[in-house]
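Student: Pasting a structure here, questions to come.
The values are calculated or read from the model by the stated rules, or taken from the named source; none is laboratory data. Note that the coordinates shown come from a computational prediction; the quantities given were computed from them, not determined experimentally. Heavy atoms of the whole protein, side chains included, go into the accessibility calculation; ligands, DNA and RNA do not. Shrake-Rupley method; radii C 1.70, N 1.55, O 1.52, S 1.80 Å.
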Amino acid sequence: MHFNILTIFPEMFPGTLSGGVVGRALEKGIWSLDTINIRDFAINNYGSVDDEQFGGGVGMVMRPDVLGNAIDSIKERGKIIYFSPRGPTLNQHMVREFASDKDATYTLLCGRYEGIDQRIIDEYNIMELSIGDYILSGGEVAAQVFVDSVVRVMDNVLGGGNEATANESFEIGGLEWPLYTRPSAWRGRNVPEVLLSGHHGNIERWRKQQSDEITKQRRPDLIKEK
Ligand code: SAH
């Protein structure tokens, strides 16, 4: 899988993506990335990539001529995604979809300021994608969330194979059950007996029941969706 990342802060990459299982997958060549510095396509020597908003109002907007030239400089673009609070919110189902083609290329456009000129979205038929109902100062963090979550579910990225991702919150139709490890007694708190019993049927039932209860309490919307 390949990612082209359009940003005015190329030094932010790979950033958090260089660590852990996703970082190892980068080293192994399971995925790769190119950063394209939008400033290389600035309209002047001051490096301007933005301008005032037509119609008035505070905040600057990224110019279509600059962004268009930056996008055109990429040969293999694949699907172009612009991170924006206006898009559908990324969820694990969508993550699976994006990850399903291991040879896919995604071009990720990181906005700054108030965002980008609408004509760029229209011209390139760009998909907008949000990572949640809050406002970030830029799309770079969103791009890292996207790459991390997508690469993570690709084959040969997590140890433990498919099972490691299949058992997770959202993948099981709800939220995860409580997790425990050694020591079995800690500060007077004991690990639930059933988990030490070695009885797989009982353990499975307990986990399912815990998961259902937590999901019902915290995220009833996940149950209705099913
Ligand atoms: N004026 C915009 C917010 C701009 S925030 C609005 O009201 O919708 C600056 C940039 O941060 C955006 O261009 C986008 O790329 C990124 N960004 C902010 N919040 C985001 C979110 N929830 N999901 C994805 N990207 C986001």
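Student: Mean separation of Cα pairs under 8 Å and 6+ residues apart, divided by the residue count of the chain: what relative contact order is that in percent?
Tutor: Working: 318 pairs, mean separation 44.5, N = 226.
For the chain, the relative contact order is 20 percent.
Student: Based on the inverse mean of 1/r over its pairs of different Cα atoms, what is the Kirkwood hydrodynamic radius of region 148-226, in Å?
Tutor: Working: mean 1/r = 0.0692 Å⁻¹.
When all Cα pairs of region 148-226 are included, the Kirkwood radius is 14.5 Å.
Student: Separate question: Using a 1.4 Å probe over the heavy atoms of the protein chains, calculate the carbon and sulfur portion of the accessible area of region 2-151 as a whole percent.
Tutor: Numbers: 3800 of 7840 Å².
The nonpolar share, carbon plus sulfur, comes to 49 percent.
Student: Over all distinct alpha-carbon pairs, what is the Kirkwood Rh of the chain in angstrom? Show your work: numbers first, answer last.
Tutor: Working: mean 1/r = 0.0496 Å⁻¹.
Computed over the chain, the radius equals 20.1 Å.
Student: Follow-up. For Tyr106, which sequence-distant residues (separation of 5 or more, or a different chain) have an amide H within less than 5 Å of its own amide H, given hydrogens modelled in the peptide plane?
Tutor: HN-HN under 5 Å from Tyr106: His2, Phe3, Asn4.
Student: How much area per residue is accessible in region 167-225 when the probe is 1.4 Å and only protein heavy atoms are counted (Å²)?
Tutor: On the way: 4740 Å² over 59 residues.
Value for region 167-225: 80 Å² per residue.
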